[in-house]
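> Attaching a single structure in structure tokens format; questions to follow.
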Amino acid sequence: MPTMSSPGTPPRPPPSSSSSASSTYERKNSAPSAFGATQLSTRRLRSNSGGPIPQDMLEDLTPAEVNSVAPPAPVYKIVLTGGPCGGKTTSLARLSPYLRERGFEVITCPEAFSLLISNGMAFNYFSAVEGMEVVVQDTVMDMQIGLEDGFERVLRARGKPAVLLCDRGLMDGSAYMSAENWDRMMRKRDVGCVSELREGRYNAVFHLVTAAEGAEAFYTLENNAVRTETPELARKLDHMTRDAWVGHPSLKIFDNSTDFETKMQRVVDETARLVGLPTHMQRVTTKFLLRKEPDLSAFPEDVKLRVFNVEKVYLYSTVPVVEAGRSEENISSENISQEYSFIRKRTTISKTGEASGSVYGWTAVQKTHEGQVIEKKRIITKREYNSLFNNRDRSRHIVRQQRVSFLWNIQSFTIHAYREPVSDICILHAQVQSTDEGEGVVAIPPFLEVDKKLMTHSEEDEQYGAYHISLKK
């Protein structure tokens with residue numbers, strides 16, 4: 001095994017109740033990027049082949065234009081969503097200065113629907129003409145795509161590590177319209193698989209639970225003139241918004257089990273973990289070994305679940321360092337005990353068992369001598385995935401799993417059922433908030449049979465991990 005340098009950036013490939021609407025939503029005229037969280041429309045700036053820009057074209061481009069096509073630093077896209085009065089506005093105000101003080105460029109993308117309301121559209125539009133619900137939400141999606149892509153292009157051109165904070169994301173619209181109308185809108189937009197609107201576009205989704213659920217005494221709409229929901233409706237919308245994002249691998253739910261200030265600090269800590277900054281949050285996943293793979297038909301009818309096939313490929317390469325922020329915030333290389341990287345293909349499986357679209361990602365993992373695990377993730381293109389696949393570590397198996405994502409008791413769970421190189425291991429991953437004081441409490445779904453908890457950083461924890469299982473004996 002060669003010695004790997006810090007995996008701060010993916011190696012560049014060599015030239016060459018919302019519905020489960022299911023073909024991918026593609027931004028046309030786009031160029032692949034090692035750092036983009038989405039494929040941006042670059043029109044005349046991209047090469048026709050989708051590969052590296054020819055030298056004669058480069059001579060006509062400014063440095064900013066080159067950066068916008070092939071950004072030299074990561075741009076993270078984070079959605080902040082949730083029910084009314086959940087803390088989104090305060091979170092946005094906290095995160096922007098926090099990230100800027102640590103060397104990141106930050107832009108906040110406003111909520112498109114609020115822009116319509118604050119500029120003259122009245123709520124009675126919805127009842128004025130039949131079909132206005134679809135027209136409005138279709139317009140909101142167009143506006144949101146334009147705003148997000150435009151802001152991301154500016155951050156790419158800047159050429160520094162950056163974060164785009166999105167006040168809601170594309171999937172939120174499904175919570176504010178009927179499933180029938182959502183399906184109809186997806187068909188008109190030629191969306192065959194919503195995975196591109198969900199995990200294919202954003203690095204993480206932070207759902208802040210409405211105060212109407214768990215902090216009723218603090219529920220108010222006084223700070224948002226465009227919201228009029230009663231507490232009952234707020235709870236309903238919160239549940240529907242959560243369900244809309246089920247399936248995103250980095251869906252984080254921030255409930256009201258703590259006071260509001262601690263809730264906001266949890267959001268800051270999770271953001272720090274995502275972009276590679278030091279944090280008190282030591283672990284956000286608690287694992288349980290299941291006695292057997294569960295029968296999905298036995299799940300309660302009100303549990304919304306998403307099924308995926310996952311292919312994980314460990315890389316055999318040396319990768320360069322890209323600083324995420326100021327140097328004093330980064331972990332010293334002498335304190336790194338282990339590091340590796342892998343690519344992942346995640347394919348959505350429809351209710352009929354058919355594959356209906358794939359998204360691709362790259363992850364670098366660093367482990368410190370103190371046991372802290374730091375992960376850096378990038379969304380990559382299919383072409384980049386195929387190129388990096390050729391650089392796989394051939395001393396390791398390709399790991400294949402079926403994963404099932406769902407929500408239970410305001411917590412996010414994912415079942416990892418191994419298919420290759422083993423097929424008799426099934427692990428339940430529970431996303432919880434964890435600090436130096438200990439791990440969070442997990443409410444095990446009663447329809448799952450748990451064998452035992454896998455203690456964090458224990459030999460058993462490592463034994464059932466994909467990194468260990470991938471090693472050829």
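Read-outs throughout are calculated quantities, based only on the coordinates presented, and are distinct from any laboratory measurement. Since we're looking at a predicted model, the values are computed, not measured. As a convention, Cβ positions derive from the backbone with ideal geometry for all residues, glycine included, and neighbour counts pool all protein chains shown.
> Could you sort 99-107, 123-131 so that the peptide with the highest average Cβ count within 10 Å comes first and the rest follow in order?
Result, highest mean Cβ count within 10 Å first: 99-107, 123-131.
> Suppose R0 equals 30 Å. What FRET efficiency, 1/(1 + (r/R0)^6) with r the Cβ-Cβ distance, do D461 and F260 give to the nearest 0.05?
0.35
> According to a simple spin-label model (label point 7 Å from Cα along Cα-to-Cβ), what is the distance in nm between S350 and V450?
Calculated label separation equals 3.6 nm.
> Could you give each residue of segment 343-352 its phi-based ³J(HN,Hα) in whole Hz, using Karplus coefficients 6.51, -1.76, 1.60 with θ = phi - 60°, and x for Gly or Pro?
For segment 343-352, the Karplus curve yields 10, 9, 10, 10, 10, 6, 10, 6, 5, 8 Hz.
> I'd like the Karplus ³J(HN,Hα) series for segment 198-207: coefficients 6.51, -1.76, 1.60, θ = phi - 60°, whole numbers in Hz, and an x wherever there's a Gly or Pro.
10, 6, x, 10, 10, 6, 7, 10, 9, 9
> Sequence neighbours fewer than 8 away in the same chain don't count; with that in mind, list the lysines whose C-alpha is under 17 Å from K188.
K28
> With an 8 Å Cα cut-off and a minimum separation of 6 or more residues, compute the relative contact order for segment 85-208 in percent. List each step's numbers first, then the result.
Working: 80 pairs, mean separation 42.4, N = 124.
Across segment 85-208, relative contact order equals 34 percent.
> I need the calculated FRET efficiency for the pair V422 and E65, taking r as the beta carbon distance and R₀ as 41 Å, to the nearest 0.05.
Values: r = 48 Å, r/R0 = 1.18.
Computed FRET efficiency for V422 and E65: 0.25.
> Sort the following peptides by mean Cβ neighbour count (other Cβ atoms within 10 Å, averaged over residues), highest first: 82-88, 260-266.
Values: 82-88: 25.4, 260-266: 16.7.
Ranking, from highest mean packing down: 82-88, 260-266.
> Let me ask something additional. So which of K252/K304; K345/K367; K312/K382; K77/K377; K287/K452 end up more than 20 Å apart by C-alpha?
Values: K252/K304 16 Å; K345/K367 23 Å; K312/K382 14 Å; K77/K377 11 Å; K287/K452 9 Å.
Violating the 20 Å Cα-Cα cut-off are K345/K367.
> Taking the mean number of other Cβ atoms within 10 Å as a proxy for protection, how do you rank 453-462, 200-209 from highest to lowest?
Numbers: 453-462: 14.0, 200-209: 25.9.
The densest-packed peptide leads the list: 200-209, 453-462.
> Relative to the compact globular guide of 2.2 N^0.38 Å, what is the alpha carbon radius of gyration of segment 347-473, as a ratio?
Values: Rg = 16.5 Å, N = 127, 2.2 N^0.38 = 13.9 Å.
Against the compact-globule rule of thumb, the ratio is 1.19.
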